[in-house]
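Accompanying notes for the structure given below.
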Amino acid sequence: MKIIRLVLLVCLWPGLLNAAGPDKVATMDRALWPEIIDSQMAFDRASAAEILQFANVIHQTSLANAADINALTGVKQVSLSSVERWLRATQQQLVAGYQSATHLPVHDWQGLVRQAQAQLPVYDPHWRQASEAFYRYYLFEQIRLAALFPRISSEILTMNANEIRGDHFADGEFLLTFDDGPHPTRTPRLIQALNQKEIQAMFFILGHKINATQHTTLYQQQCLGAHGWRHRAHQDLKWSESSIAQTEQAMAPLLSLNTTKTFRPPYGMRSPEFSDWLAQHQIQTYLWNIDSQDWNRTLNAKAVTDRVVTLMLLWRKGVILFHDIHPQAAIALPILDDLITQSNKHWRRCI
């Protein structure tokens, strides 16, 4: 979320203030992990440790009822069913991820928790302390969004099968995505770097920013999607339909690529009616499960990169959210690409 725009959106959507990002977000210094991640085995060892730490933090946190969740998040109107849905899905993903990382016969949540309790004391205490703090903040981020959903919608859960978060990608498969462009200087430099590395990414662009004369060839070898005409929540169905139509018209001169129609809702906010409308019109909705927080002014490029690396290790697959209007993505790119290539993972192609 972008803070200045968020202030304006509060006037447009009652209750949006509750969806604003928390004051503190999960970050940690990757240098505390005592091994360079330069191989598939090193990636898997680090991934297993992250999974065990998050599983242990979840296990230690009381999420049994609305009162517990209110105490954790401050959300007054808790959607308990959404929290339970997120929790079930997350437990399944962590168990599957740990199996992929270790090939050990851990088949259920209780088995993973037992493994965490047995193995975590062995790890470096400095990493263990920092990692536990990271996942306590990260759990707060996730539970808070789930507690608000769908009253205030976000990327935390899907509304139908047309929406993609990256949960069902193959193990080791990551998709880079960039929002809010084009930026006059940062977008071209970022695309040049992506093309040099032969990485395809998805750029979700704002219709009012498009200058077809300047950008006709800018996105060659990359993929384009709509981010709406302006950066605002797509809640009202009539306005949202108009936003898509205007943006697609502005994008038409740029779509020389064979690409399907795609849309990313700003802030991840959309109504169930609009989500269904997108599915009916075969416009795939892209959400994300790895949030870089690169818009957050409290995080420098290293903190953003370390956060993304940590979440890539945790989830082992998914859609990574960056913004090409901010500089952190270009700084993070070579580090993330090294992680992918050295650990035998791969970037998902968008076409």
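Some values worked out for this structure:
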| quantity | calculated |
| --- | --- |
| Whole-number percent relative contact order across the chain, with pairs defined as alpha carbons under 8 Å at least 6 apart | 24 |
| Spin-label pair His346/Glu198, simplified geometry with 7 Å Cα→Cβ offset, distance in nm | 1.2 |
| Accessible-area ranking of Arg307, Arg30, Arg85, largest first, probe 1.4 Å | Arg85, Arg30, Arg307 |
| Point-to-point label distance, His281-Gln220, nm (Cα→Cβ direction, 7 Å offset) | 3.0 |
| Candidates Asp68, Asp167, Asp294: whichever shows maximal mean-square fluctuation once the chain is modelled as a Gaussian network with Cα springs under 10 Å | Asp68 |
| Percent of alpha-carbon pairs separated by more than 27 Å within segment 55-193 | 36 |
| Residue-by-residue Karplus 3J(HN,Hα) for segment 277-292, coefficients 6.51, -1.76, 1.60, Hz, glycine and proline x | 4, 4, 5, 5, 9, 6, 10, 6, 9, 9, 9, 6, 10, 10, 9, 6 |
| Karplus-derived HN-Hα couplings along segment 37-47 (A = 6.51, B = -1.76, C = 1.60, θ = phi - 60°), whole Hz, x at Gly and Pro | 8, 10, 7, 4, 5, 5, 4, 5, 5, 5, 4 |
| Normalised per residue, the volume of the convex hull around the Cα set of segment 273-340 (Å³) | 121 |
| For the chain: lysine pairs under 22 Å (alpha-carbon distance), excluding those fewer than 8 apart on one chain | 14 |
| Between segment 295-335 and segment 129-176, the alpha-carbon center distance in angstrom | 15 |
| Within the accessible area of the chain (1.4 Å probe), percent carbon and sulfur | 52 |
| Pair-distance profile P(r), taking every C-alpha pair of segment 125-191, with 5 angstrom steps and integer % | 3, 11, 13, 13, 18, 18, 14, 7, 1, 0 |
| Dipole in debye (nearest 20) - the chain, about Cα centre, beta carbon charges: Lys, Arg +1; Asp, Glu -1 | 580 |
| Long-range amide H partners of Ala201 with built H, under 5 Å | Cys223 |
| Rounded accessible area per residue of the chain, 1.4 Å, Å² | 43 |
| Helical contribution to [θ] at 222 nm, DSSP H n ≥ 4, -39,500 (n - 2.57), averaged over the chain, rounded to 500 | -15000 deg cm²/dmol |
| Segment Arg151-Met41, length gained on full extension (0.36 nm per residue, minus Cα span) | 35.4 nm |
| Cα shape, segment 145-241, gyration tensor, a/c 1.5 rule | oblate |
| For segment 67-127, Kirkwood radius (reciprocal of mean inverse C-alpha pair distance, Å) | 13.7 |
| Hz values of 3J(HN,Hα) by residue in segment 202-211 - Karplus curve (6.51, -1.76, 1.60), Gly and Pro given as x | 9, 10, 9, 10, 8, x, 6, 8, 6, 10 |
| Two-site label geometry, Ser81 and Arg189: point separation in nm, points 7 Å out along Cα→Cβ | 4.8 |
| Contact order relative to length of segment 177-292, as percent, for alpha carbon pairs under 8 angstrom and 6 or more apart | 24 |
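The values are calculated or read from the model by the stated rules, or taken from the named source; none is laboratory data. This structure is a prediction, so every number in the text was calculated from the model and none was measured. Quick reminder, even Gly has a Cβ in these numbers, built from the backbone with ideal geometry, and neighbours come from all protein chains shown. Quick note on the areas: whole protein, heavy atoms, side chains included, nothing else; ligands and nucleic acids left out. Shrake-Rupley method; radii C 1.70, N 1.55, O 1.52, S 1.80 Å.
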